[in-house]
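Enquirer: There's a structure below that I have some questions on.
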Amino acid sequence: MQNSTPISLTKIANSKLPEIDFSSLVFGKSISDHMFVADYQNGSWGDFRIVPYGPMEIYPGNATLHYGQAIFEGMKAYKNEKGEVLVFRAEANAKRLNESAARMCMPQLPESIFLDALKQLLAVDRDWVPQGKGSSLYIRPFMFAMDNYLGVKPSDTYRFMIFTSPVGAYYSKPVSVKVETTYTRACEGGTGEAKAAGNYAASLYPALKAQKEGYDQLLWTDGKTHSQIEESGTMNVVFKINGTLITAPTHGGTILKGITRSSVLQLAKDWGQAVEERFLTVSELEDALKNESLEEAFGVGTAATIAFINKIHIHGKDYLLPEVAPDAFSKRVLLALDGIKYGELQDPHQWMLTI
Ligand code: COI
């Protein structure tokens, strides 16, 4: 394997692999044997190493713990029938990490370091990549501040790490969502488009509230007027109304530039499917539910790929969506994405990186 980043390797003494039941993987529970670590000091990245996954020491004054300078990515590797490991759109994640880093005053990580680290880590832990439809290796690259300093300012030192986790389906059944009109995930000028840890922390309270009311997730609305749909839970969201896909545009700073989102839109374009990248208003959605012109609604994200929505709560009322037909766009796009990811279908956009 071509690798220009010098990465030292310390292998685990006893692999945890025999403890893993690959037939019942719970998202995020099992962590693979090794992790990649790099440190940023004096303006450059160095000390590249792959070591056994385990705890690490940080000072109680670590700036991340206090002011939340932390960003992450989510991506997945798959095993094809030949046993080769394929990663979906790795370069897009490397690029987005740097976009998040810029917004959070964190240093840029050269894409070559990101990709070399990923390739080497996956080569070391390739036996952790599950084989079989529905399962994959979730990859978590992340960066956080390392200064031991309590003043509020961008840290001077950072750590970048990658660890992985074999996973099964994120949602085992369609999800119910509630339109959120009190709390906000993101607002103009905020950090909504960055994959910043704090965005997820701020979403926990309203999400938990909705879960206590019996819904799986939220449909987030804009922070100013709560009249436009933005995202769903930790995913982008797509609606199909009167034959057209509608999803929020990503140029306003509040919407995450989802890589699954852009892949779904690319396939829609390839298939000649009508798409509108615009905000759907809550009242449009309510009307479409009432007059049954809403054909499909689904979340799109790395963890779930496609999360079918079967119930939407708006203005005190629950609306049930029709069962997803076998030829529905969301079903077809999920099949096509899975086919590409597991190496069964052609990869016309060169999305897969073979390790
Ligand atoms: C995704 O599905 O893209 C996510 O970011 C989910 C993750 C926060 C578990």
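Enquirer: Which members of region 18-42 meet the condition of being in a loop (DSSP other than H, G, I, E, B) and either without any contact (Cβ under 8 Å) to a residue 60 or more places away in the chain or away from the ligand (no atom under 16 Å from the Cβ) (or both)?
Expert: Hits for region 18-42 are I20, D21, F22, S23, S24, S32, D33, N42.
Enquirer: Check region 115-129 and report whether any residue there is of a type in the set (A, V, I, L, M, F, W, C) and within 16 Å of the ligand (Cβ to nearest atom).
Expert: Checked against the condition, which is being of a type in the set (A, V, I, L, M, F, W, C) and within 16 Å of the ligand (Cβ to nearest atom), region 115-129 yields no hits at all.
Enquirer: Another question, if that's okay. If you take the residues of region 43-60 that are surrounded by 13 or more Cβ atoms within 10 Å (Cβ to Cβ) and outside any strand (DSSP E or B), which of them is nearest to the ligand (Cβ to nearest atom)?
Expert: In this case the residue turns out to be Y53.
Enquirer: Can I ask one more? If I filter region 296-304 for residues that are more than 22 Å from the chain's Cα centre (by Cα), crowded, with 24+ Cβ neighbours inside 10 Å and more than 15 Å from the ligand (Cβ to nearest atom), do I get at least one hit?
Expert: No: region 296-304 contains no residue that is more than 22 Å from the chain's Cα centre (by Cα), crowded, with 24+ Cβ neighbours inside 10 Å and more than 15 Å from the ligand (Cβ to nearest atom).
Enquirer: Also, I was wondering about something else. Does A38 meet the test of being small (G, A, S), closer than 20 Å to R159 by Cβ and over 24 Å from the mean Cα position of the chain (by Cα)?
Expert: No; evaluated as a whole, the condition is false for this residue.
To keep it simple, each residue is scored yes or no on (1) in the same structural domain as G252 (by TED's automatic domain parsing); (2) more than 13 Å from the ligand (Cβ to nearest atom).
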{"position": "N148", "(1), (2)": "no, yes"}
{"position": "T157", "(1), (2)": "no, yes"}
{"position": "T164", "(1), (2)": "no, yes"}
{"position": "E180", "(1), (2)": "yes, yes"}
{"position": "R185", "(1), (2)": "yes, no"}
{"position": "G189", "(1), (2)": "yes, yes"}
{"position": "L204", "(1), (2)": "yes, no"}
{"position": "A210", "(1), (2)": "yes, yes"}
{"position": "G214", "(1), (2)": "yes, yes"}
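Enquirer: Being part of a helix (DSSP H, G or I) and open to solvent by 10 Å² or more (accessible area, probe 1.4 Å): is that true of N93 here?
Expert: Against the criterion (part of a helix (DSSP H, G or I) and open to solvent by 10 Å² or more (accessible area, probe 1.4 Å)), N93 does not qualify.
Enquirer: Looking at this structure, is K195 within 26 Å of I340 (Cα to Cα), open to solvent by 10 Å² or more (accessible area, probe 1.4 Å) and either among the β-branched types (V, I, T) or touching a Leu at 6+ places or on another chain (Cβ under 7 Å) (or both)?
Expert: Yes; evaluated as a whole, the condition is true for this residue.
Enquirer: If you go through region 146-172, how many residues are among the aromatic types (F, W, Y) and either open to solvent by less than 30 Å² (accessible area, probe 1.4 Å) or free of Cβ contacts under 8 Å to residues at least 24 places away in the same chain (or both)?
Expert: 2
Enquirer: Further question: Restricting region 310-334 to residues that are within 16 Å of the ligand (Cβ to nearest atom) and open to solvent by less than 10 Å² (accessible area, probe 1.4 Å), which is nearest to W271 (Cα to Cα)?
Expert: V333
Enquirer: Filter region 1-30 down to residues that are open to solvent by less than 30 Å² (accessible area, probe 1.4 Å) and either of a type in the set (S, T, N, Q) or modelled with pLDDT of 95 or more (or both), then give me how many there are.
Expert: Total meeting the criteria: 3.
Enquirer: Can you pull out the strands (runs of 3 or more DSSP E) entirely within region 139-253 that have at least 1 residues that are in contact with a helix residue (DSSP H, G or I) (Cβ under 6 Å, 6 or more places away or on another chain), within 27 Å of A94 (Cβ to Cβ) and not polar (S, T, N, Q)?
Expert: Qualifying strands (runs of 3 or more DSSP E): 158-167.
Enquirer: List, please: which pairs have Cβ atoms under 8 Å, are six or more places apart or on different chains, and start with a residue in region 285-305 that is in contact (Cβ under 8 Å) with a residue 40 or more places away in the chain and end with one that is away from the ligand (no atom under 16 Å from the Cβ) and small (G, A, S)?
Expert: Here the result reads L294/A288; E295/G243; E295/A328; E296/A328, each pair linking region 285-305 to a residue that is away from the ligand (no atom under 16 Å from the Cβ) and small (G, A, S).
Enquirer: Among the candidates S15, S100, single out the residue that is among the polar types (S, T, N, Q) and assigned to a loop (DSSP other than H, G, I, E, B).
Expert: S15 is the lone residue from the list that is among the polar types (S, T, N, Q) and assigned to a loop (DSSP other than H, G, I, E, B).
Enquirer: Which residues, counting only those in region 331-355, are within 23 Å of F27 (Cα to Cα) and in a helix (DSSP H, G or I)?
Expert: Within region 331-355, K331, V333, L334, L335, A336, L337, D338, G339, I340, K341 meet the criteria.
The values are calculated or read from the model by the stated rules, or taken from the named source; none is laboratory data. It should be emphasised that the depicted structure is a prediction, and the values quoted were computed from it without experimental measurement. Here Cβ is always computed from backbone atoms with ideal geometry, including for glycine, and neighbour counts include all displayed protein chains. All accessible areas refer to the heavy atoms of the entire protein, side chains included, with ligands and DNA or RNA removed. Shrake-Rupley method; radii C 1.70, N 1.55, O 1.52, S 1.80 Å.
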